[in-house]
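J.: Before I ask anything, let me first share the structure, which is written out below as structure tokens.
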Amino acid sequence: DGGITQSPKYLFRKEGQNVTLSCEQNLNHDAMYWYRQDPGQGLRLIYYSQIVNDFQKGDIAEGYSVSREKKESFPLTVTSAQKNPTAFYLCASTAAAGISNQPQHFGDGTRLSIL
Amino acid sequence: AQRVTQPEKLLSVFKGAPVELKCNYSYSGSPELFWYVQYSRQRLQLLLRHISRESIKGFTADLNKGETSFHLKKPFAQEEDSAMYYCALYSGSARQLTFGSGTQLTVLP
């Protein structure tokens, strides 16, 4: 069954700790994206990657880091520098970047909370 | 910079009534717009895109460049239409989608 898998579903972090959210896709998609979803603010782009070993900052990249060592994986690290990390994080992918009519496929999301 | 505005956070209509979810955008280039939907306990998914001029589940959306709008409409709402709806604008230069803040639609029996 093809799709995007995000893990874990819920994640708790102590202040000052880094934490990594996993996103894996078996759709053979080139492009992957990380969004943050806050109540009343919709989805805001954190980072995106159009191809392996390449990624760009989105609108709210500060306090986050990513890597794209494999086509199917795009982990997001929430660092201690992120002042307000409590949010719902969504991962998405498209077959190819730069083609607007490609729909984005989304994962189920990870809810991160600060203890 | 591009921006997408959905002025209504919550919208309730009765079953069988017409429904319109508003979306306005600002973008200096030629816009490409989408509607995404998230039903309860399901993933966010594409509903329709303006370039296809399609009708999905009875919903249509027309791009009005003069009013910079892309409102989502359905003549007769059904209870299964209850969901969160997001309008999104694609920026070719940045190669990314910009989402609105979403509208939670509730269709009452």
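Each value in this text was obtained by applying a stated rule to the coordinates, not by laboratory testing. Since we're looking at a predicted model, the values are computed, not measured. A quick note on method: Cβ atoms are made from the backbone with ideal geometry, for glycine too, and the neighbour counts reach across all protein chains shown.
J.: Less than 13 Å Cβ to Cβ from B:P75, Lys/Arg counted +1 and Asp/Glu -1: what total charge do the surrounding residues give?
T.: Values: positive: B:K15, B:K57, B:K73, B:K74; negative: B:E20, B:D81.
That works out to +2.
J.: Put a dot 7 Å past each Cα toward the Cβ at B:S26 and A:K9; how far apart are the dots in nm?
T.: Going from the A:K9 label point to the B:S26 one covers 4.0 nm.
J.: To continue, here is another question. Given an 8 Å cut-off on Cα distances and at least 6 residues of separation, report the relative contact order of chain B as a percent. Please report the intermediate quantities before stating the final value.
T.: Details: 266 pairs, mean separation 41.9, N = 109.
RCO, chain B: 38 percent.
J.: Taking the beta-carbon count within 10 Å as an exposure proxy, list B:W35, A:W34 from fewest neighbours to most.
T.: Numbers: B:W35 23, A:W34 26.
Lowest count first: B:W35, A:W34.
J.: List the aspartates and glutamates whose Cα lies under 15 Å from the Cα of B:K65, skipping any in the same chain that are fewer than 8 positions away.
T.: B:E32
J.: What does the charge add up to near B:L63, with Lys and Arg as +1, Asp and Glu as -1, over the other residues with Cβ less than 12 Å from its Cβ?
T.: So the environment of B:L63 carries a net charge of 0.
J.: So, one more: For a quick check of your reading of the filter: which GluC sites (Glu not before Pro) in segment A:1-88 sit in a DSSP loop and have no more than 15 other Cβ atoms within 10 Å? The partial results should precede the final answer.
T.: Working: sites: A:E15, A:E24, A:E62, A:E69, A:E72; in loops: A:E15, A:E62, A:E69, A:E72.
Hits after loop and neighbour filter: A:E15, A:E62, A:E69.
J.: List the GluC sites (Glu not before Pro) in segment B:1-44 that DSSP assigns to loop (not H, G, I, E or B) and whose Cβ has at most 16 other Cβ atoms within 10 Å. Which are they?
T.: Details: sites: B:E8, B:E20, B:E32; in loops: B:E8.
Passing both the DSSP loop test and the Cβ count: B:E8.
J.: Under 13 Å from the Cβ of A:S49, count the other residues' Cβ atoms, weight Lys and Arg +1, Asp and Glu -1, and hand me the total. Don't skip to the end; give the middle numbers.
T.: Working: positive: A:K57, A:R68, A:K70, A:K71, B:R95; negative: A:D30, A:D54, A:E69, A:E72.
Net local charge, A:S49 excluded: +1.
J.: Separate question: Of all trypsin sites (Lys or Arg not before Pro) in segment A:10-88, which ones are in loop regions per DSSP and have a Cβ with at most 13 other Cβ atoms within 10 Å?
T.: Working: sites: A:R13, A:K14, A:R36, A:R44, A:K57, A:R68, A:K70, A:K71, A:K83; in loops: A:K14, A:R68, A:K71, A:K83.
In loop regions of segment A:10-88 (DSSP not H, G, I, E or B), the sparsely surrounded trypsin sites (Lys or Arg not before Pro) are A:K14, A:K83.
J.: Among B:T60, A:T86, which comes first, second and so on when ranked by fewest other beta-carbon atoms within 10 Å?
T.: Going from least to most buried by this count: A:T86, B:T60.
J.: Over chain A, calculate the relative contact order: mean separation of alpha carbon pairs under 8 Å at least 6 apart, over the residue count, as a percent. All intermediate terms of the calculation are to be shown ahead of the outcome.
T.: On the way: 296 pairs, mean separation 40.3, N = 115.
Relative CO of chain A lands at 35 percent.
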